[in-house]
Amino acid sequence: MAKKYGKMGLNAHRLKLSFYSNTISKAQTTGLADSSDYNDSHNFAIETRIGKEWSKTILSKRAKIIFGSDAVYKLYHDKAGVFTNSGAQKTNKNENVSAYGLSPFFGVTYGISKGLAISVETHLNLFRTTTRLEYPERSL
């Protein structure tokens with residue numbers, strides 16, 4: 001596919017899938033300066049972005065201004081328990097957050113050499129967010 005530099009309308013389709021997961025256990029929180037209690041936490045986040053990008057070549061065809069928008073869906077889950085040092089449970093929490101919306105962006109790409117470029121991009125996230133937070137009854 002040939003690219004036409006210097007003309008408005010050079011575009012690309014964008015797709016991003018990301019996943020994050022983390023676990024914090026008692027062994028990681030014991031012995032901290034404020035160790036009156038400790039956390040046992042498990043969380044993860046998933047993000048999907050699908051979008052379109054346009055660009056305009058500038059500066060002797062080495063730099064491009066890029067702009068466009070992504071449709072975004074995010075899901076975050078956190079399950080955590082807070083315990084005292086003696087092992088008694090203080091609280092328990094389940095949190096689910098989902099967000100969806102548009103993320104318009106603007107940026108600059110500069111070609112250092114053939115096949116190597118550096119880019120800077122900024123986004124404006126316009127999301128509808130729903131949060132469900134539960135504190136189930138603890139059993140002692």
Quiz item: Pulled fully out, how much extra length does the chain show between Trp54 and Ser103, if you take 0.36 nm times their separation in residues and subtract their Cα-Cα distance?
Solution: 16.2 nm
Quiz item: With r defined as the distance between the Cβ atoms of Tyr135 and Ile65 and R0 fixed at 41 Å, what FRET efficiency is calculated, to the nearest 0.05?
Solution: 0.25
Quiz item: Stretched out fully, how many nm does the piece from Phe44 to Lys93 gain, at 0.36 nm a residue minus the Cα gap?
Solution: 16.2 nm
Quiz item: Roughly how many Å² is the accessible area per residue of the range 40-83, as a whole number, for a 1.4 Å probe?
Solution: 51 Å²
Practice problem: Starting from the amide H of Asn125, placed 1.01 Å from N in the peptide plane, find each other amide H under 5 Å away whose residue is 5 or more places distant or on another chain. | Solution: none
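The values are calculated or read from the model by the stated rules, or taken from the named source; none is laboratory data. All values reported here derive from a predicted model rather than from experimental measurement. Cβ atoms come from the backbone with ideal geometry, glycine included; neighbour counts cover every protein chain shown. For accessibility, only protein heavy atoms count, side chains too; no ligands or nucleic acids. Shrake-Rupley method; radii C 1.70, N 1.55, O 1.52, S 1.80 Å.
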